[in-house]
Structure formats: C-alpha cells, structure tokens
Amino acid sequence: MNKTVANSMLTCPECGHKEIEVMPTDACQWFYECKGCGVLLKPKQGDCCVFCSYGTVPCPPIQKNSSH
C-alpha cells in the first residue's frame, strides 16, 4: 500500500523562503501566503494547488491518483 505524505516544503518563487507545511488530505490548497515576504502564491497554470506548484511533494489527492 502507498502511504500518503502529509508534509511538503513550499519554496517561495519571489524570495526563496522555505517552509514545511501540512497539506490538507482531502482537498487542494489554492492560496498560500509566504511567511518570508508575504506574497500570495497561487497554483501555476496546469497545477491543482500551491503544493503541486511550489512544494517538494504533490498534494494528497494527486498522490492518490498517481498510485493507480
């Protein structure tokens, strides 16, 4: 069985600040405010959430879909 990873390190494209965050397990997170510079991150075109765009691990719904 594949285990879903719940934490991902987000890296701000504006200032380079890195922060480990807990991802929602059943939804995508559309916005994230950088704790370094305060910029509001939104998913890149084609991505479902900020974790898929800026994180080290894709969000749990994507992890579940890719395990099939």
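Where a number appears in this text, it was derived from the coordinates with a stated rule and is not lab data. Values in this document were obtained by computation on a predicted structure and should not be read as measured data. A quick note on method: Cβ atoms are made from the backbone with ideal geometry, for glycine too, and the neighbour counts reach across all protein chains shown.
If I filter the range 22-43 down to residues being among the aliphatic types (A, V, I, L, M), touching a Cys at 6+ places or on another chain (Cβ under 7 Å) and in a loop (DSSP other than H, G, I, E, B), which single residue comes out as surrounded by the fewest Cβ atoms within 10 Å (Cβ to Cβ)? Result: Val39.
In the range 44-68, how many are among the polar types (S, T, N, Q), over 16 Å from Ile20 (Cα atoms) and in a loop (DSSP other than H, G, I, E, B)? Lay out the reasoning, then the answer.
Filtering the range 44-68 for residues among the polar types (S, T, N, Q) gives 45, 53, 56, 63, 65-67.
Now drop any that are not over 16 Å from Ile20 (Cα atoms), which leaves 45, 63, 65-67.
If we keep only those that are in a loop (DSSP other than H, G, I, E, B) as well, we get 45, 67.
The total comes to 2.
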